[in-house]
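J.: Below are the structure tokens for one structure; questions will follow.
The values are calculated or read from the model by the stated rules, or taken from the named source; none is laboratory data. Treat the numbers as computed from the prediction; the structure is a model and nothing was measured. Cβ placement follows ideal geometry from the backbone for every residue including glycine, while neighbour counts extend to all protein chains displayed. Only protein heavy atoms, including side chains, enter the accessible area calculation; ligands, DNA and RNA are left aside. Shrake-Rupley method; radii C 1.70, N 1.55, O 1.52, S 1.80 Å.
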Amino acid sequence: MKLRNTSAAVAAVALLALTATACGGGSDSGSNGDKITVGIKFDQPGLGLKTPDGKYVGFDVDVARYVAKELGYTEDKINFKQAPSAERENLIKNGDVKFIVASYSINDKRKKEVDFAGPYFLAHQDLLVRADDTSITKVEDLNSKKLCSVTGSTSAQNVKEKLAPDADLQQLGGYSECLTGLQNKRVDALTTDDSILAGYASQKEHQGKFKLAGLRMSDENYGIGLKKGDDELRGKINKALEKMVSDGTWEKLVKEHFGPSGYKYESAPKVQG
């Protein structure tokens, strides 16, 4: 009888240990043994894109790879997970990812829910217009133009409500639809972050067809999102970002992913301690 009770107790302890290992938690969230899960965009050319053959390409993707390597994870140990804008905070808080690199602008509202390392890139809201269009040189010029952005875009609303209230705002399902409309002259301009616009304009099929207006209508400091209170991880990521700038990798990646668009990007921002 005593032997049976002892065996049952040992089995119960083993089961609890196995359950704890499977569930993870704490600082191990987003990690699975010797692997790490990182959130990126799957649908932003130049920043984060999953190609038809299952590869992941873009500036944010390469930043994520660099940081993960500095944390001790080789390429084959990285699991990329799609991080749509509306889900980024939940993915971090639920421990589905270790960190997120996905054109993630640092702002006070988001800092209440997650922490940020960086910033690693300074973007601005801008306009993409046809390469031969000289009629839009300032925001006010949009008052007599057709402006396109995706449905619910804060960039489009910013122009409509604050900068050019008489613009004819057309909201479509995706940026590629806006690009088609821009190319076919159904709309006159597309607005969102200049990094995103540069990514689209750098695609082979779009090179030479579009240009950025260079209006810099807002400042968007991109940071790497991580679980609130994980100061150790935040410190390690910040060191990785500083190294990425100092060893020339940052400049190389920016030119590689945005260069074909003629994008006049800002210098690397200073990482906040």
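J.: Measure nothing fancy, just the Cα-based angle from helix 59-70's long axis to the longest principal axis of the chain, in degrees from 0 to 90, nearest 10.
T.: 30
J.: Ok, one more. Can you give the alpha-carbon Rg of region 131-195 over 2.2 N^0.38 Å, where N counts its residues? Could you put the intermediate results ahead of the total?
T.: Working: Rg = 10.8 Å, N = 65, 2.2 N^0.38 = 10.7 Å.
Its radius of gyration relative to the 2.2 N^0.38 Å reference: 1.00.
J.: Considering only the chain, what is the antiparallel percent among its DSSP beta bridges, to the nearest 5? Can you show the working numbers first?
T.: Values: 22 of 36 bridges.
Within the chain, antiparallel bridges account for around 60 percent of the total.
J.: Could I ask something else about it? Just the number, please: carbon plus sulfur as a percent of the accessible area of region 105-254, 1.4 Å probe, no ligands or DNA/RNA counted.
T.: On the way: 3140 of 6950 Å².
Reported share for carbon and sulfur atoms: 45 percent.
J.: Right, next: Can you give the calculated 222 nm mean residue ellipticity of the chain, where each DSSP H run of n ≥ 4 adds -39,500 (n - 2.57) and the sum is split over every residue, rounded to the nearest 500 deg cm²/dmol? Could you put the intermediate results ahead of the total?
T.: Values: 9 runs with 93 residues, N = 273.
Calculated mean residue ellipticity at 222 nm is -10000 deg cm²/dmol.
J.: Using square roots of five times the C-alpha gyration tensor eigenvalues, list the equivalent-ellipsoid semi-axes of region 213-261 in whole Å, biggest first.
T.: Values: eigenvalues 133, 60, 12 Å².
Rounded to whole Å, the semi-axes are 26, 17, 8.
J.: Give me the angle, in degrees from 0 to 90, between the Cα long axis of helix 249-258 and the longest principal axis of the Cα atoms of the chain, rounded to the nearest 10.
T.: Orientation of helix 249-258: about 50 degrees from the principal axis.
J.: Still on this model: Over the chain, what lengths in whole Å, largest first, do the semi-axes of the equivalent ellipsoid take, defined as the square roots of 5 times the eigenvalues of the alpha-carbon gyration tensor?
T.: On the way: eigenvalues 360, 74, 57 Å².
The equivalent ellipsoid of the chain has semi-axes of 42, 19, 17 Å.
J.: Ranked highest first by average number of other Cβ atoms within 10 Å, how do 231-241, 48-58 line up? Before the final figure, lay out the partial values.
T.: Values: 231-241: 17.7, 48-58: 14.6.
In decreasing order of mean packing, 231-241, 48-58 become 231-241, 48-58.
J.: Could I ask something else about it? Sorted from largest to smallest, which semi-axis lengths in Å does the alpha carbon gyration tensor of region 121-273 give for its equivalent ellipsoid, taking the root of 5 times each eigenvalue? Intermediate values should be presented prior to the final figure.
T.: Working: eigenvalues 194, 65, 34 Å².
Taking √(5λ) for each eigenvalue gives 31, 18, 13 Å, largest first.
J.: Per the Debye formula with a single identical scatterer at each Cα and no solvent contribution, what log10 I(q)/I(0) holds for region 64-178 at q = 0.12, 0.20 Å⁻¹?
T.: -0.62, -1.13
J.: On to the next question. Give me the base-10 log of I(q)/I(0) for region 37-92 at each q in 0.24 Å⁻¹, Debye formula, one uniform scatterer per Cα, rounded to two decimals.
T.: -0.98
J.: Measuring with a 1.4 Å probe in the full set of protein chains, what accessible area per residue, in whole Å², belongs to region 184-273?
T.: Numbers: 4540 Å² over 90 residues.
That works out to 50 Å² per residue.
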